[in-house]
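Peer 1: This is the structure I have questions about; it appears just below.
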Amino acid sequence: MDSRTKGIVATVAAVVLCGCPGLFFCVFGALTATGNMPFSTELNGVTNTGTLPSTAGFVLLCVSLLLILVPVAVWFFTLRGKPAAKVPDGPMPPAS
């Protein structure tokens, strides 16, 4: 496999493993940060309800941004174009 194919495979793997969960965390974190994420628990017949704290939502938003940046970084470092070597115009100087 050439390096371009390896870069494409690495980018697709990073998107599937980091980008998609990052987007899901972003939605879940936004709902939690706004206070719209209720929960309900039951233990030994006792039911408790409430909402998740908004700080947990802000933490999830930060984690989601980091997870979304991973595929972008993988793409940048594996598939960016390398600058072409400069070829001087005119005749080459004699070697000394």
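Peer 1: Using only the Cα atoms of the chain, what semi-axes does the equivalent ellipsoid have when each is the square root of 5 times a gyration tensor eigenvalue? Give whole Å, largest first.
Peer 2: After diagonalising the Cα gyration tensor, the semi-axes are 53, 14, 8 Å.
Peer 1: Where does each of F25, F58 land when they are ranked from fewest to most other beta-carbon atoms within 10 angstrom?
Peer 2: F58, F25
Peer 1: Right, something else. Mind listing the long-range amide H neighbours of M37? Cut-off is under 5 Å, sequence gap 5 or more, other chains count too, H placed in the peptide plane at 1.01 Å from N.
Peer 2: L52
The numbers here are math on the coordinates, done by the rules we state, and not lab data. In this text, all values refer to a predicted model and were calculated from it rather than measured experimentally. FYI the Cβ positions are ideal-geometry reconstructions off the backbone, even for glycines, and counts take in every protein chain you see.
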